[in-house]
1. To test your reading of the geometry: what angle, between 0 and 90 degrees and rounded to tens, separates the Cα axis of helix 96-106 from the longest principal axis of the chain?
2. Could you state the angle between the C-alpha long axis of helix 126-142 and the longest principal axis of the C-alpha atoms of the chain, as a value from 0 to 90 degrees rounded to the nearest 10?
3. Go ahead and collect, in residue order, the members of segment 134-166 whose backbone nitrogen is under 16 Å from a label point 7 Å along the Cα-Cβ direction of residue 188.
4. Using alpha carbons only, how many degrees (0 to 90, rounded to 10) separate the axis of helix 278-288 from the longest principal axis of the chain?
5. Could you tell me which label, among (1) 40.3; (2) 21.0; (3) 27.2, carries the value of mean projected area of the Cα convex hull in nm² calculated for this structure?
6. Could you work out [θ]222 nm for the chain from helices alone, using -39500 (n - 2.57) per DSSP H run of at least four and dividing by all its residues? Round to the nearest 500 deg cm²/dmol.
7. Taking 45 Å as R0, compute the FRET efficiency from the Cβ-Cβ separation of residue 152 and residue 462 and round it to 0.05.
8. Using Cα centres only, tell me the gap between segment 148-181 and segment 356-399 in whole Å.
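Derivation of every value follows stated rules applied to the coordinates shown; laboratory data play no part. This one's a predicted model, so the numbers in the text were calculated from it and none came from an experiment. Positions of Cβ are generated from backbone atoms using ideal geometry, with glycine treated the same way; all protein chains shown enter the neighbour counts.
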């Protein structure tokens, strides 16, 4: 008969070790870091050979020394350890101990050189790596990992926004976007991201759409809105039955976006500014003055000095520029809270939505969907740019390989978030590390001196355990 707590035995073992400092260089602590890495990957996704099993290989197979899963693993490890450049693989990851670990994982005699990885990615299909990201998201959803973070116990919150990735003083490729100011032209690349975001700070990539021109001299440049029209059918195809509420900035408050959401049976919460949809704004103010029942005040249970006042209006008709008719609803939230000088600061937000409003859903829609949009900026883009992943670094000069490195960065960031916020590391571990970036430093050290990979992975696979996530850390 199994012990009633057998499912958590592995977690308890790890947490016993976490009571010591993470900067103790003992083998037990280094092994613990690797247990968290491989325990997280195996628990959610299987091992790397399984995760990357469907990658196509355009190389001459008779000359292949490293499998595609092996190349993908080393690239993800590069991002997880915050190496910052492809050439650092040779200097930081190739130790005698790590070579032995790599030999066990992928049956290869040595870690690949960064140039070998780049050459393989030049002739690989980026869409294969996008499909890996979709499979990871589907696994997290199917295993109900994210069920507690649904809005109204139904909808997953997906934030869509664009960000810059690379900037050059000279043309990088025919697809560069351009901007000229004061006679100087810069060439740059952007991407539109759809990320599943949660109140506790998770921001997982779901679908990426690269914003790029079709050639050197396009009639009109590509932009976020055009990219959204391409992203939407891909998102629907990848997650056809997923209950979604999109959270978007004011750029997307327009008829075509409303129509796409209606066709896909998606809900939306879109930032509404006073200059956007003037007829809707005017109707909101006129009707709100008459509908005193559609008002609500709320105090944060944990921070009682924060007060929010809501008002909303349902059933506002709107006809867009091509005469399509829409029925919209508007929420306004005014928040008052003291700043560090104990002076009360007042902030105001408005959102337009296609969800019918009531006193029971206004607060969660505003706070868990509308305002959660900022997670894609903070826990998403900012973490990838300034948190050690070096999103804005050119890991390759090849446009095709650049897209693959971008996707692998997204995969690494998802794994890093699961590791840091998961219960394998735990509250004690997070406190001992002190900062997210220190997890990368310790992981690099653990990999460089890995001596028991085989035993660790066999132990992980033999145990039954759960991984839960910590509360809001934002």
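1. Computed tilt is about 70 degrees.
2. It works out to around 80 degrees.
3. Residues 161-166 fall inside that zone.
4. Helix 278-288 and the main axis of the chain meet at about 70 degrees.
5. Comparing each candidate, only (3) matches the computed number.
6. Numbers: 15 runs with 175 residues, N = 474.
-11500 deg cm²/dmol, from helical runs alone.
7. On the way: r = 40 Å, r/R0 = 0.89.
About 0.65, to the nearest 0.05.
8. 10
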